[in-house]
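Note sheet for the following structure.
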C-alpha cells in the first residue's frame with residue numbers, strides 16, 4: 001500500500017489499473033461543516049493474474065490533480081466497483097460532472113444475491129472474505145495529516161476486501177443469470193438527476209402535518225431559500241435553519257426582524273442580516289402565490305381503498321418469492337406498493353422488469369382471484385383456482 005500525493009504518481013497507478021478488468025474505489029469525506037462533501041481520501045485497488053496493487057490518493061496534497069482518475073472513470077473497458085456508491089458518486093459528479101462507467105455497486109448486487117436488505121460492507125467481508133474488519137477509524141477526522149497507521153489500514157481495507165467481494169458476487173450473478181437485474185438497479189446511480197439538488201423541490205423533504213396549500217407554499221419558498229443560500233455558501237442547511245424552525249416560520253409568517261426575534265427555534269444568526277431578509281422575502285412570496293398555483297401533497301395513497309386481507313396475502317407471496325429466489329424482499333416490492341396492489345393499482349416498479357417476472361405476474365393473478373396460496377412442505381406456493 002502506498003499514499004499518492006502527486007499527479008504523476010496517480011497517472012502511473014491509473015495506467016496500470018486501466019490494464020485490468022476492474023478497479024475498486026472508495027472515498028473518505030467530511031460533510032458536517034459544508035453543503036457539499038469535502039473529499040479527503042480516495043482509495044483504489046485492483047487484482048488479476050498479473051498481480052495486484054492498492055493505494056491511497058490524497059486529494060488534499062498541494063498540486064495534485066484527479067484528472068488521471070477521471071480518465072480512468074471514463075474508460076469503458078474497466079468496471080468501477082463501489083460499495084453503497086451513491087455518496088461517493090455524488091462527490092465526483094459535483095467536482096467534475098462525471099459518473100464512472102461501467103459501474104458496479106456491491107451493495108445492490110448483494111441484495112440480488114440474497115445477502116439481505118442493504119447488506120453492509122462489514123457483513124460481506126465477514127461472510128465472503130471470512131475476515132473481520134476494524135471499523136474503529138470510521139468516524140475519525142480525515143482532513144488531518146499525516147494519516148495514522150490505523151486510518152490507513154482501515155481505508156485500504158475498504159477496497160482490498162472489495163476485490164474479492166466483487167469477484168464472488170460477479171461470479172454468482174453470472175451463474176444465476178441475474179446480471180441484468182443489477183444493471184436495472186444501476187439506472188438510478190447512472191442518472192445525473194440523482195446528484196442534483198433542485199431548490200424548487202427541496203420542500204418535499206420537509207415533513208409537515210398539514211395539507212394546507214397556503215402553508216405548503218410558504219414552506220416551499222422557505223425551503224427554496226434555505227437550499228440556495230446553503231449551496232451558494234457551501235454551508236450545511238442546518239446552519240441556515242433546521243426543519244423545525246422552518247415549520248415554525250411557516251406557521252408564524254414573520255414580517256419583520258422583530259417578529260423573527262420572537263421565534264423559539266430560529267438560530268440567533270438567522271434573526272438579522274441576509275438570512276432574515278431571505279426569510280421575510282420567502283414568507284411574502286408564499287403568501288402571494290395564487291390559489292390555483294398552491295402546492296399539493298400527493299394524497300393518492302391516502303385515498304386508496306386497500307383490501308387489508310389481500311394486502312396480507314401479497315406480503316406472504318412476497319416473502320415466499322423472496323425466499324425462493326434468494327433476493328431481498330425490499331428490493332422486489334415495498335410495503336406501499338403491496339398496499340397499492342391490493343387497492344387495484346398496477347403502475348409501479350414492482351410491475352416492471354425482473355420484478356414482474358419474479359413477483360409481479362403472480363401478484364396480479366392473486367389479486368384477480370386466479371391463483372391461491374398453499375403450503376408445500378417448507379414452502380408457500382401458488383396454485384391455480
**Message:** Please go through (1) under 19 Å from residue 181 (Cβ atoms); (2) modelled with pLDDT of 95 or more; (3) exposed (fewer than 15 other Cβ atoms within 10 Å of the Cβ) for residue 284 and return the number of the only condition it doesn't satisfy.
**Reply:** (1)
**Message:** closer than 28 Å to residue 246 by Cα, free of Cβ contacts under 8 Å to residues at least 40 places away in the same chain and under 33 Å from the mean Cα position of the chain (by Cα): which single residue out of 276, 350 fits that description?
**Reply:** 276
**Message:** Looking only at segment 316-339, count every residue that is assigned to a helix (DSSP H, G or I) and either surrounded by 16 or more Cβ atoms within 10 Å (Cβ to Cβ) or in the same structural domain as residue 173 (by TED's automatic domain parsing) (or both) and tell me the total.
**Reply:** 12
**Prompt:** Are any of the residues in segment 33-56 under 30 Å from residue 240 (Cα atoms), at pLDDT below 95 and not in a helix (DSSP H, G or I)?
**Reply:** yes
**Asked** Got a number for residues in segment 148-167 being part of a loop (DSSP other than H, G, I, E, B) and crowded, with 21+ Cβ neighbours inside 10 Å?
**Response** 0
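What do you reckon, is residue 72 assigned to a strand (DSSP E or B) and in the same structural domain as residue 101 (by TED's automatic domain parsing)?
Considered against the rule, which asks whether it is assigned to a strand (DSSP E or B) and in the same structural domain as residue 101 (by TED's automatic domain parsing), residue 72 comes out as no.
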**Fill in**
Considering segment 100-130, residues that are part of a loop (DSSP other than H, G, I, E, B) and in contact with a helix residue (DSSP H, G or I) (Cβ under 6 Å, 6 or more places away or on another chain), and then whichever is nearest to residue 194 (Cα to Cα), we arrive at 100
**Request:** Would you list the helices (runs of 4 or more DSSP H) that sit entirely within segment 186-264 and hold 2 or more residues that are within 26 Å of residue 30 (Cβ to Cβ)?
**Result:** 213-233, 243-252
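The values are calculated or read from the model by the stated rules, or taken from the named source; none is laboratory data. These figures come from a predicted structure and were not determined experimentally. Reconstructed Cβ throughout: ideal geometry from the backbone, glycine too, with neighbour counts over all protein chains shown.
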